[in-house]
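Undergrad: Here it is, the structure, as structure tokens.
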Amino acid sequence: MGSGSGLACAEATPPAQPSPTHASLVQPIESDPMRRPGALVERCPELLKEVRRYRETVLNPMRDWAADALAAERSPTVFYPFSGPDIATAVALFEHASRFILIARQAASVAQLDPPEEAVEASECELHRFVMRTGFYRTHDLDGKDRPTPRLLALLLMSLETAGIMPTRVGSLHIDRNGALLHPGPLLVATDIDGRFRPAGDVSIPAGMSARLTDSESRGVRIEGLDDRGRTVVIDYLSMDLSDRGLRRAGREYKWIEGEMAHTVLIKSASHLLQLPNFSNLAHLITHQSGRVVQDETGLDVLRLSRFDQISVHGGFTDPYELWRESVAMGRLREFVREQIASETPPFPFGYRKPAGTFILIATGARK
């Protein structure tokens, strides 16, 4: 685990040391997480071909590119705000990380492991197909505006399986008044027989935890899994309002995020929210605490990125997705990119569709 996690329970099993060789998501069919008993992707058989294509055209090229462009990246934890259930992108870019923190507004809970209605499962399958074709989630789909509301935990597990990670355990997460992340248990363990998650061992709350839980807020789920090299990977997904209204400087959420912000930050398909005045608290934490930011055009304004010593540009930029063509921040980004020596365009889609194709900024060396 990375420092500052504030976990009040036993740590996850330390992961094995990563292999020095790069591995693609081409596995024997019997070891592919999509083929495990109970795999969510397998419940959508029409998706199997889509997922394999996504691995071949997006995730594997992304891993190959990151092995060079992010060769110096060794942060054990990656912080991914506005992520939705997109575990797959983070895992592909940061294969040395063993913990991923995903934050979005939609709620995820262990209760979402219960079998859904047929219409809900069909909605989840259709949404995952959309993501395989576009590379991003739409908020109104996650909120169930035009279809049955999908289970966020189900989408997280589908993204995990797409990334080639075998989910093994799931549990709940809370944040106490001091900004500490609590993992009270019990962990639900995936069984070999049917893949369903069931309690294993003692299901009681650990001694001394009850009082802390009384003054805590349930915020999300922890998923543990094994990647294609046999390493333990931990995904902490939390539901949180990241605007200044939800992220008040004296609040428990701000305290917790402040303790996690020393790690690498990934920003993708974030609806340009960090460029708005009412997301200034999170933008401040990122620019004053994080050592590295990997983002597309929807992340930090280049004015804020000026706090970093080095910024590398990968791909060209002319205009954002059409909804944000009139953004003043995009005009500043356009001028900034014109003055840079850009590397070749990454050979995979990343974020919203743009006239110039994939665009990634890597900022390192923030001045404290």
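Undergrad: Need one number for segment 289-368: average projected area of the convex hull over its C-alpha atoms, nm².
TA: Details: hull surface 20.1 nm².
Directional mean of the projected Cα hull area for segment 289-368 stands at 5.0 nm².
Undergrad: Go through segment 115-183 and name the GluC sites (Glu not before Pro) that are in a DSSP coil and have 12 or fewer other Cβ atoms within 10 Å of their Cβ. Display every interim value, and only then the final one.
TA: Values: sites: E117, E118, E121, E124, E126, E161; in loops: E117.
Of the GluC sites (Glu not before Pro), the ones in loops of segment 115-183 whose Cβ has at most 12 other Cβ atoms within 10 Å are E117.
Undergrad: Identify the GluC sites (Glu not before Pro) of segment 270-334 meeting these criteria: DSSP loop state and at most 14 other C-beta atoms within 10 Å of the C-beta. Let's see the in-between values first.
TA: Working: sites: E297, E322, E326; in loops: E297, E326.
Taking segment 270-334 and a limit of 14 other Cβ atoms within 10 Å, the loop GluC sites (Glu not before Pro) found are E326.
Undergrad: Return F94, F348 ranked ascending by Cβ neighbour count within 10 Å, so the fewest neighbours appear first. Display every interim value, and only then the final one.
TA: Values: F94 24, F348 19.
Listed from fewest to most nearby Cβ atoms, that is F348, F94.
Undergrad: Taking other Cβ within 10 Å of each residue's Cβ, how do K268, K49, K354 sort, fewest first? Each step should come with its number before you reach the end.
TA: On the way: K268 25, K49 10, K354 21.
By the 10 Å Cβ count, ascending, the order reads K49, K354, K268.
Undergrad: Using the Cβ atoms and a cut-off under 11 Å, what net charge is assigned to the surroundings of F94, where Lys and Arg are +1 and Asp and Glu are -1? Intermediate results must be reported in sequence, preceding the final value.
TA: Working: positive: R63, R74, R99, R292; negative: E73, E95.
Result for the neighbourhood of F94: +2.
Undergrad: Between segment 228-305 and segment 311-368, what's the alpha-carbon centroid distance in Å?
TA: Cα centroid of segment 228-305 versus Cα centroid of segment 311-368: 18 Å apart.
Undergrad: Tell me which aspartates and glutamates have Cα within less than 17 Å of K354's Cα, excluding those fewer than 8 residues away on the same chain?
TA: Correct list for K354: D296, E297, D319, E322, E326, E335, E344.
Undergrad: Relative to the present Cα-Cα distance, how much length would full extension add between R43 and E322 at 0.36 nm per residue of separation? Intermediate values should be presented prior to the final figure.
TA: Values: separation 279, 0.36 × 279 = 100.44 nm, distance 3.50 nm.
Full extension of this stretch gives 96.9 nm more.
Undergrad: Let me ask another. With a cut-off of at most 16 other beta carbons within 10 Å, and DSSP calling the residue loop, which trypsin sites (Lys or Arg not before Pro) in segment 100-148 qualify? Please list them. Provide the component values of the computation, followed by the final result.
TA: Working: sites: R105, R129, R133, R138, K145; in loops: R105, R138, K145.
Sparse-neighbourhood loop trypsin sites (Lys or Arg not before Pro): R105, R138, K145.
Undergrad: For V265, V328, V337, what's the fewest-to-most ordering of other Cβ within 10 Å of each Cβ?
TA: On the way: V265 26, V328 9, V337 19.
Result, fewest neighbours first: V328, V337, V265.
Undergrad: Right, here's the next one. Once phi is turned into ³J(HN,Hα) by the Karplus curve 6.51 cos²θ - 1.76 cosθ + 1.60 with θ = phi - 60°, what whole-Hz value does each residue of segment 47-55 show in order, with x for glycine and proline?
TA: Result, rounded to whole Hz: 8, 4, 5, 5, 5, 5, 5, 5, 4.
No value in this document is a laboratory result; all are computed from the given coordinates. Bear in mind that the values here come from a model prediction, so they are computed numbers and not experimental data. Virtual Cβ from ideal backbone geometry, glycine too; neighbours counted across all protein chains shown.
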